[in-house]
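For reference, the structure is listed below as structure tokens.
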Amino acid sequence: MTDLRHQQVVRYITPLREGGSLPALTEADDGFKYVLKFRGAGHGTKALIAELIGGEVARALGFRVPELVFLDLDEDFGRTEPDEEIQDLLRASHGENLGMHFLSGAVTVDPYVNKIDGKLASAIVWLDAFLANVDRTVQNTNMLVWNDEVWLIDHGASLYFHHAGTDPEQAALSPFPYVKSHALLRKADCLEAVDKEMRQKITPRTLKKIVSMIPDSWLSWEGDEKTPAERRQMYETFLTTRLANSSIFVKRAVDERNALI
């Protein structure tokens, strides 16, 4: 596992969808295009932390995930942007943001049309239950087909416990009831077998390394006096506790699937 690269944003191309977060297609100083997630949007840096942890956990488990990079916005960037809402977003996002390599020509996965076998479906359901990712539904699959392969994107809705200030150890023991809305739950026919494989692929050491990638500047939250180290420990506690107790969320996923079929 390697550390994320740092690049400078040189061009704002276009916003990608309506909504509070307004991710954008941008170009960096390496000549590549990235989907930029702004620290000044929506849920702020917590969404970026969830995106980083979710994406890198998925990568460590062998899923196809676009490369994540830190994208820097300097203070002069966006001053000529005519849209006031976008200009405000850019102004609030100076410093380190998160970018995802843009997969040109990719198309959204439709779980009713695209063929996804039971093992891959089970692995993706396991990943999202582990991360407590509520945003992989039929309405919004956050999966792409690119070069005839399935790629996972957008993990910013994971780890929702950090928005509520819930104790991380307690939150880690949640069975994740939202799994009933997962886009691939019906196809996930080997969850118990996949659980064994996943727990062999990722270790507490790997999770600690991923958490250590979070920049200090993302860990300064209004109204919270904890240090960056204490906040990193919160995420590490959640992830390692959840991994050790995966049978809890796997059982819930199996039960919810049995209720569907």
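The values are calculated or read from the model by the stated rules, or taken from the named source; none is laboratory data. Since the model is a prediction, treat every value here as computed from it, not as a measurement. Because the Cβ atoms are built from the backbone with ideal geometry, glycine has one as well, and the counts that use them run over all protein chains shown. To get the accessible areas, we keep the full protein, side chains included, count just its heavy atoms, and leave off ligands, DNA and RNA. Shrake-Rupley method; radii C 1.70, N 1.55, O 1.52, S 1.80 Å.
Brief remarks on what is shown
- Computed extension length for Glu192-Asn258: 22.4 nm, one decimal, from 0.36 nm per residue of separation with the Cα-Cα distance subtracted.
- Gain in span if fully extended, Val138 to Asp29, counting 0.36 nm per residue against the direct Cα distance: 35.7 nm
- Averaged per residue, the chain has 48 square angstrom of accessible surface, using a 1.4 angstrom probe with ligands and nucleic acids left out.
- Accessible area of the chain belonging to carbon and sulfur atoms, whole % at 1.4 Å probe: 49
- Whole-Å semi-axes of the stretch 16-145's equivalent ellipsoid (Cα gyration tensor): 29, 15, 14
- Under Karplus coefficients 6.51, -1.76 and 1.60, residue-wise ³J(HN,Hα) of the stretch 209-214 in Hz, glycine/proline x: 5, 5, 4, 5, 6, 5
- Computed with a 1.4 Å probe on the full set of protein chains, the accessible area for Leu144 sits at about 30 Å².
- Extension gain, Val107 to Thr227, is 39.1 nm, computed as 0.36 nm per intervening residue step minus the present C-alpha separation.
- Amide H partners (placed H, <5 Å) of Ala106, local residues excluded: none
- Sites Arg5 and Asn245, calculated FRET efficiency, Cβ-Cβ separation with R0 51 Å, nearest 0.05: 0.90
- Modelled spin-label separation between Ser217 and Gln200, with each label point placed 7 Å from Cα along the Cα-to-Cβ direction: 4.2 nm.
- Restricting the calculation to Cα atoms, every distinct pair contributes to the Kirkwood radius of the chain, found to be 18.9 Å.
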